[in-house]
1. With charges only on Cβ, +1 for K and R and -1 for D and E, what is the dipole size of the chain about its Cα centre, in debye, rounded to 20?
2. Picking from Met30, Met77, Met48, which is most flexible by a Gaussian network model of the chain using Cα springs under 10 Å?
3. Placing +1 on the Cβ of each Lys and Arg and -1 on the Cβ of each Asp and Glu in the chain, which of Ser54, Leu78, Gln44 has its Cα farthest towards the positive end of the resulting dipole?
4. With r as the distance between the Cβ atoms of Leu34 and Ser79 and R0 = 25 Å, compute the FRET efficiency 1/(1 + (r/R0)^6) and round to 0.05.
5. Report Rg (one decimal) and Dmax (nearest whole number) for the chain, counting Cα atoms only, units Å.
Amino acid sequence: MTKSIPKPELLWWEPLSLSMRDGETLSNFMEESLRAGIQSRKAQQEFMVRGLASRDEARLTDEYYSAKTVFDEFNGMLSWAEENNAK
């Protein structure tokens, strides 16, 4: 597979320049974007690994949870966090 960097197009220059912070260089913007993209892909990969491991464990133990049970538990966790962060 060949990877290449596309040639700059004037169509994306204006939106890019409007989204850059004061004093930020194109180099800084690109580095930050690359780091964020790499971190996002890493997080996605880790999420998939956890999901597949959870699936495998459920198959081994035959222990499954309904979406309602999981949703209710998450809502409880969210409520607890909101109450404790408000203090």
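Where a number appears in this text, it was derived from the coordinates with a stated rule and is not lab data. Since this is a predicted model, take the numbers as computed values, not measurements. Note: ideal-geometry Cβ built from the backbone for every residue, glycine included; neighbour counts use all protein chains shown.
1. 360
2. Largest GNM mean-square fluctuation: Met77.
3. Gln44
4. Working: r = 38 Å, r/R0 = 1.51.
Calculated value: 0.10.
5. Over the chain's Cα set, Rg and Dmax evaluate to 21.6, 57 Å.
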